[in-house]
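For reference, the structure is listed below as structure tokens.
The values are calculated or read from the model by the stated rules, or taken from the named source; none is laboratory data. As the structure is a prediction and not an experimental result, all values here were calculated from the model. Cβ: placed from backbone, ideal geometry, glycine included. Neighbour counts: every protein chain shown. Note: accessible area is taken over every heavy atom of the protein model, side chains too, but ligands, DNA and RNA are not part of it. Shrake-Rupley method; radii C 1.70, N 1.55, O 1.52, S 1.80 Å.
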Amino acid sequence: AAAAPPAVEGRATLRLAATLTANDQQHVRSGVVWRVFEERAEADGSHKLVAQSEEATPTLALPDGAYVVHAAYGLAGVTRRVVIEGRNISERVPLNAGGLRLIDMLGEAQIPAQRLSVSIYVPERGNSEAKLVLANAKADEVIALPEGSYHVVSTLLDTGQSAQGGGANATNSVVTADLKIPAGKLIEATLRHHAATITLKLVKQRGGEALANTSFSVLTPGGDVIRELIGAFPSLVLAEGEYVAIARNEGKTYQGHFKVQSTKDADVEIVMRDHTEEERPQ
């Protein structure tokens with residue numbers, strides 16, 4: 001390696017590099033944000049920021065003195081005390097970090113990131129969601145994390161025209177995973193959703209035209225309301241399972257049961273008939 005340039009009197013250079021582990025010889029080439037603070041606190045207790053860099057291996061000119069160096073890499077962060085005393089020095093900072101890439105699938109298709117809401121937690125005994133560390137993790141991107149155990153929650157979003165008022169609604173298709181991230185390793189985790197898009201229709205007879213101005217409620221068999229929708233044939237994304245649909249039109253209420261099978265988008269027709277007709281023996 002080339003010799004370090006001679007130090008200017010009272011001012012020297014600090015060369016910084018980060019590695020994923022203490023034994024790693026390979027420097028992290030991108031994604032590290034370096035900040036250097038004066039060790040001495042100001043009157044208000046804060047520490048003055050004297051240098052900042054997003055270069056992988058910055059060389060910073062600093063006056064003599066004591067400093068605190070902070071390296072941020074994704075959610076991983078490490079501090080190191082450094083003293084400059086008229087000579088150029090190099091510091092190699094191990095981040096003790098790894099990477100996580102989440103791949104969400106629905107059937108054989110990868111789910112686009114904009115159709116997902118992903119949260120990452122640090123679990124504690126008896127509470128898998130003890131500490132939220134990332135509320136909007138991006139699927140299919142490498143997320144830098146400190147070495148440790150994590151709990152991932154992936155929620156499929158209902159987007160576009162099927163979501164009332166546009167935007168995105170969380171669906172009841174939620175997949176979780178418990179993962180360990182070792183330092184220096186990239187972990188790929190595949191999360192499989194089991195859901196389909198269901199279109200609701202209130203009809204006078206099977207195969208009939210959907211009636212406008214109908215409000216729908218979708219419930220679990222136990223009676224918990226999942227979504228409320230309005231329209232002639234509104235759509236929603238539902239996790240695999242059994243459901244009850246209630247349709248209200250012109251003051252009358254109609255009900256139907258249906259089943260959702262993963263990746264099998266379907267129309268669900270609720271036929272208008274009164275209870276006496278429904279209860280008549282077949």
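Some observations on this one:
- Pairs are defined by a Cβ separation below 6 Å, a sequence spacing of at least 6 or placement on different chains, a first member in the range 241-252 that is in contact (Cβ under 8 Å) with a residue 12 or more places away in the chain, and a second member that is assigned to a strand (DSSP E or B) and open to solvent by 90 Å² or more (accessible area, probe 1.4 Å); the pairs so defined are Glu242/Lys259; Val244/His257; Ile246/Gln255.
- Which numbered condition Ala232 misses (of (1) among the aliphatic types (A, V, I, L, M); (2) open to solvent by 20 Å² or more (accessible area, probe 1.4 Å); (3) assigned to a strand (DSSP E or B)): (3)
- Ser30 satisfies every condition listed in (1) open to solvent by 60 Å² or more (accessible area, probe 1.4 Å); (2) modelled with pLDDT of 95 or more except (2).
- Some residue of the range 96-112 being of a type in the set (Val, Ile, Thr), within 20 Å of Pro182 (Cα to Cα) and surrounded by fewer than 16 Cβ atoms within 10 Å (Cβ to Cβ): yes
- Test result for Arg40, assigned to a strand (DSSP E or B), modelled with pLDDT under 95 and either over 36 Å from the mean Cα position of the chain (by Cα) or β-branched (Val, Ile, Thr) (or both): yes
- Applying the criterion of being touching a residue at least 24 places away in the same chain (Cβ under 8 Å), outside any strand (DSSP E or B) and more than 17 Å from Leu106 (Cβ to Cβ) to the residues of the range 166-207, the residue that is most open to solvent (accessible area, probe 1.4 Å) is Arg206.
Matching residues to (1) in contact (Cβ under 8 Å) with a residue 40 or more places away in the chain; (2) open to solvent by less than 50 Å² (accessible area, probe 1.4 Å):
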site: Leu16; (1), (2): yes, yes
site: Ala22; (1), (2): yes, no
site: Asp44; (1), (2): no, no
site: Val50; (1), (2): no, no
site: Ser53; (1), (2): no, yes
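- Failed criterion for Pro182 (all others in (1) modelled with pLDDT of 95 or more; (2) of a type outside the set (Gly, Ala, Ser); (3) under 22 Å from Thr263 (Cβ atoms) hold): (3)
- Filtered by the rule that a residue be more than 29 Å from the chain's Cα centre (by Cα) and either basic (Lys, Arg) or within 16 Å of Ala56 (Cβ to Cβ) (or both), the range 70-90 gives Arg80, Arg81, Arg87, Ser90.
- Each residue in the range 252-265 was checked for being open to solvent by 40 Å² or more (accessible area, probe 1.4 Å), under 30 Å from Glu108 (Cα atoms) and assigned to a strand (DSSP E or B), and 2 pass.
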